[in-house]
Every structure is written in structure tokens, then in C-alpha cells.
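Trainee: Pasting in a structure now, in C-alpha cells, and then I'll have a few things to ask.
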Amino acid sequence: MSMLQRGKQLTDILVSDLMISAEKVAHVQMNNPLEHALLVLVKSGYSAVPVLDSQSKLVGTIGKSVILNEILGLERFEVEKLSEMTVQDVMKTDIPLLTAKHSFTDGLKKVINIPFVCVVDDVGYFIGILTRRAILKELRKYIYSTVD
Ligand code: 4BW
């Protein structure tokens, strides 16, 4: 199979074919206290999760390390800050996004730098995530099925 044919096949795969849908994704709300976010992160085992507003629109992501850094004082973790601060105070808002209609190759480009990319609809509602795992699994399938 030529490289041209291989390339075409991968661009035919859409983000919607590979994403984990929103109902299966652990997330937090922007007005939740940091304490709740840390609880969700520790209990779910994920390093970072999406942040939604009260209408389920995507507003950012939040990770364990940014929370721990935020509460780290000069000599100790200032744990009281966990109830005083909310997710919106520390979340990351400058994040790449995908829509369900983007292609595999669009997703591949984005997961080079971050472990997951949030997927939104045309008006910004959160509909899922595309993970490195899903991209790598698909790439592996593709490589093994096209070995000459
Ligand atoms: O609970 C887990 N179950 C499974 N099956 N695999 C897990 C779990 N926790 C971690 N992993 C594995 C995955 O391969 O470790 C990788 C790194 O996890 P992370 O980043 O640092 O917590 C996982 O790689 P991935 O599946 O490509 O996921 C990339 C990132 O996407 C994760 C996490 O930040 C986010 N993520 C994945 N599934 C999620 C999720 N966030 C919320 N809800 C989900 N269901």
C-alpha cells in the first residue's frame, strides 16, 4: 500500500470515532472548592481533568500539581487554602480544543504536547476527551494492518 493511501485512511477517522464520551469522563465545576477538585483527582487517579461551568460548557482543565503548587507555602502546605480557593482561581484556560468532526491527524498533532484534548460541540458544550491512549491504539492498529 502506498504512503498516499495510508495517509488518506487516517484522515478518514474522526475524533468522534475515538473520543471518550463526556458521561465517562471525570470532571469538576469551576466554582467547586479546590478541596473537591483534589478529591476527584486523587480518587479517580487522573493527573488532570476537564473543568465545566454550570451549563456544562468547557472552561479549562485542572491538574494535581497546579493545586499542590498553589497551596505550597514557604514551610508547609497551607491546606486551609483548599476550602478558601475555587477551581476557577487556578485552572488552565488556554487549552487546545477539538470538535467531533476533526480528523485523527488533527488529534495526533495535539496529543504530542498534552495527554488529552477536550472535545466540544459548535457552541462550546463539553462532549468528551481524546486521549493519547486512544490515538496510540489506533496508530498501532493502522501500522500492523499496513505492514507490507
Ligand atoms: O483509571 C485509569 N484507568 C485506565 N484504564 N488507565 C489509566 C487510569 N489512570 C491512568 N491511566 C493510564 C492511561 O493510560 O495512565 C495514563 C496517564 O494518565 P493521566 O492522564 O496522567 O491521568 C493514561 O493515559 P490516557 O488514557 O492516554 O489518558 C491521558 C489523560 O487523559 C490522563 C487523564 O488526565 C485524562 N483522562 C483519561 N481518561 C479520563 C481522563 N480524565 C477524566 N476522566 C477519564 N475517564
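The values are calculated or read from the model by the stated rules, or taken from the named source; none is laboratory data. Since we're looking at a predicted model, the values are computed, not measured. All Cβ positions, even for glycine, are placed from backbone atoms using ideal geometry, and neighbour counts span all protein chains on display. These accessible areas exclude ligands, DNA and RNA; they are computed on the full protein's heavy atoms, side chains included. Shrake-Rupley method; radii C 1.70, N 1.55, O 1.52, S 1.80 Å.
Trainee: Do any residues in region 6-30 that are away from the ligand (no atom under 16 Å from the Cβ) have Cβ atoms under 6 Å from those of residues that are at pLDDT below 95, where the two are at least six apart or on different chains, and which pairs are they?
Mentor: Here the result reads 6/146, each pair linking region 6-30 to a residue that is at pLDDT below 95.
Trainee: If we keep just the residues of region 7-20 that are open to solvent by less than 30 Å² (accessible area, probe 1.4 Å) and modelled with pLDDT of 95 or more, which is nearest to residue 145 (Cα to Cα)? Let's see the steps before the verdict.
Mentor: Pass one, region 7-20, residues open to solvent by less than 30 Å² (accessible area, probe 1.4 Å): 10, 15, 18.
Those still in the list that are modelled with pLDDT of 95 or more too: 15, 18.
On the way: 15: 20, 18: 18 Å.
By that ranking, first place goes to 18.
Trainee: Would you check which residues across region 38-67 are part of a helix (DSSP H, G or I), surrounded by 15 or more Cβ atoms within 10 Å (Cβ to Cβ) and without any contact (Cβ under 8 Å) to a residue 24 or more places away in the chain and list them?
Mentor: 40, the sole residue that qualifies.
Trainee: Pick from 70, 80, 75: which is open to solvent by 80 Å² or more (accessible area, probe 1.4 Å), away from the ligand (no atom under 14 Å from the Cβ) and among the charged types (D, E, K, R)?
Mentor: Criteria check complete, one pass: 75.
Trainee: So, one more: Within the set of pairs 6 or more residues apart or between chains, which connect a residue that is more than 30 Å from residue 54 (Cβ to Cβ) and modelled with pLDDT under 95 inside region 123-148 to a residue that is away from the ligand (no atom under 13 Å from the Cβ) and part of a strand (DSSP E or B) with Cβ atoms less than 9 Å apart?
Mentor: none
Trainee: Given (1) open to solvent by 30 Å² or more (accessible area, probe 1.4 Å); (2) within 13 Å of the ligand (Cβ to nearest atom), where does residue 94 come up short, assuming only one miss?
Mentor: Exception for residue 94: condition (2).
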